[in-house]
Amino acid sequence: ALEAAAGRAADADALAEETDRLLLARFSGRALPGAVRGAMQRLRESSGMLPVGELAAESGYSQRHLNRLFGETVGMNVKTFARLVRVNGAIRLLRQGSGSLAALAQEAGFYDQSHFIHDFSHICGVAPGAYLQNLSAFYNEIFKF
C-alpha cells in the first residue's frame, strides 16, 4: 500500500498525508497489546534510547517475542521504532536550529554524526542538510505516535 501511495503522490506533502492515513488505519479498531503500548510509551519518554533488552525485561517477554508483537501490531521491530523516535526528535532539534549536525546527533542520541545522517536519510529520504534547505516543502506536522 505504501509503494502504491508513493507512486500516486504528487509531492512530499501528499505522500506524508497518505502514509499517515494508511498507518492510522492500521491501528484503528485494534487494541495494542499492553506490552507494545508500554514499550512504545517508554521509548517516547526516553527519546528512543532504551535498549530492546531492557524493554523486554520490563514487559516480561523475551526480546524475540516483543519484536514479534511489534511486527504484528506496529509493522516494524522495536529497534526500528526507536530509530523513528530518535529521528523525530532530531527533526524537532533541526527546526530549532540547534547548532552543528554533530552536536545535534549527540543530543538526539546517535552514536555519531555519520550514524545520524545515515538513519535520517534512510527514514526521511534526504540528508538533514537537504531537509533544512527544503523545509517548507516537507510535511510540517509532528509525528502522531
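Computed 3J(HN,Hα) for the stretch 117-130, one whole-Hz value per residue from the Karplus formula 6.51 cos²θ - 1.76 cosθ + 1.60 where θ = phi - 60°, is 4, 4, 5, 4, 5, 5, 7, 8, x, 9, 6, x, x, 5, glycine and proline marked x. Listing 43, 94 from fewest to most neighbouring C-beta atoms within 10 Å gives 94, 43.
A Förster distance of 22 Å, applied to the separation of the beta-carbon atoms of residue 9 and residue 127, puts the FRET efficiency at 0.60.
Ordering 54, 3, 18, 72 from the fewest to the most neighbouring beta carbons within 10 Å gives 3, 72, 54, 18. Each of 49, 40 was scored by other Cβ atoms within 10 Å of its Cβ. Arranged with the fewest first, they read 49, 40.
Full extension of the chain segment joining residue 93 with residue 115 gains 6.3 nm, where the gain is 0.36 nm per residue of separation less the Cα-Cα distance.
The chymotrypsin sites (Phe, Trp or Tyr not before Pro) found in the stretch 48-111 that occupy coil by DSSP, while having at most 13 further C-beta atoms within 10 Å, are 111. Phi angles across the stretch 60-72 convert, under the Karplus curve 6.51 cos²θ - 1.76 cosθ + 1.60 with θ = phi - 60°, into 3J(HN,Hα) values of x, 10, 6, 4, 4, 5, 4, 4, 5, 4, 4, x, 6 Hz, Gly and Pro given as x.
We did not get these values from a lab; they are worked out from the coordinates using the rules stated. Computed from a predicted model, the values in this text were never measured in an experiment. Backbone-built Cβ (ideal geometry, glycine too); neighbour counts: all protein chains shown.
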